[in-house]
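What follows is one structure encoded as structure tokens, with my remarks underneath.
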Amino acid sequence: MQAAKGLSVATLQNLPMFKQVPSAYLEQLVRVAAYRKVPRGTLVVRSGDATDSLYVLISGSMKVLNSDEEGREVILAILGPGEFFGEMGLIDGSPRSANVLAIEPCELLILARNDFKRCLADNFEVSLYLMRSLVQRLREADQKIESLALMDVFGRVAKLLLEFSTVQEDGQRVVARKLTKQDIAKMIGASREMVSRVMKDLEANGYIQTEGSRIILHAP
Ligand code: CMP
């Protein structure tokens, strides 16, 4: 069997999930995996659908979100290169728990249920990586519950900006990825208007500075 166009052992070696897997095994995996390139706006996984595959993001970014009957949305996570999704349904056999939408053009590696399960059984390191990632997600969910219960919108906005920021070479903390006020609102359970008001206030008090789509954070 030929490797899917766009996939190579090197592509898999660059993904944290497969970092510890020997190249001979990756050669087999590359032959059974599929590769998909999707444009921005593609709904790759739909909440409630039956589950059949695991996805690993090679490049681009995706939003994990859910909505109610009135169309109100909550963003559960934003995924970047190297992260995976679709494992929940594969592990417990339930329908998809959320929608996963491409917010940029994305490249995906897709593993069918049986190939994923075989890969876990054959490679303890991959199982461990998966467990570690699920623990990390649980920690993040715990923190989110805590901030929803204990923090006001100021605190929640500040915490989210810190989480999404990285330290640049010049030592500045910057949110470099484009985050709209609407996205922030959907991640912290507040209205867009309230987020706008809070950010205006943070900027007026010198805690943040917006430069195009970048947000520079200043220590209090
Ligand atoms: P699954 O339920 O099969 O399909 C939807 C996917 O969204 C789910 O698997 C997870 O991979 C992903 N997902 C659900 N909740 C979260 C979360 N809180 N953080 C990151 N990814 C999530």
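Since every read-out is calculated from the coordinates, none of them should be taken as a lab result. Just so it is clear, the structure is predicted and the values come from calculations on it, not from any experiment. Neighbour counts are summed over all protein chains in view; Cβ atoms, including those assigned to glycine, are modelled from backbone coordinates with ideal geometry.
Points to keep in mind about this one:
- For the range 113-220, trypsin sites (Lys or Arg not before Pro) meeting the loop criterion (DSSP other than H, G, I, E, B) and having at most 15 other Cβ atoms within 10 Å: 178.
- Our summary gives the range 162-204 a relative contact order of 22 percent, counting only alpha carbon pairs under 8 angstrom and 6 or more residues apart.
- Whole-number D in µm² s⁻¹ for the chain, Kirkwood Cα-pair radius fed into Stokes-Einstein, 25 °C, 0.890 mPa s: 128
- Excluding exposed DSSP-loop GluC sites (Glu not before Pro) (at most 13 other C-beta within 10 Å), longest clean stretch of the chain: 71-168
- Shape of the range 129-185, Cα gyration tensor, a/c cut at 1.5: oblate
- Check: the range 25-97 dipole with +1 on Lys, Arg Cβ and -1 on Asp, Glu Cβ, in debye: 400
- Gyration tensor analysis over the Cα atoms of the range 64-180 returns equivalent ellipsoid semi-axes of 28, 19, 16 Å (largest first, whole Å).
- Under the simplified labelling scheme, the residue 168-residue 25 pair shows an inter-label distance of 4.1 nm, with each label point 7 Å from Cα along Cα→Cβ.
- The distance linking the range 119-179 with the range 49-65 is 18 Å (Cα centroid to Cα centroid, whole angstrom).
- Contour excess over end-to-end distance, with Cα ends at residue 159 and residue 200 and 0.36 nm allotted per residue: 13.2 nm
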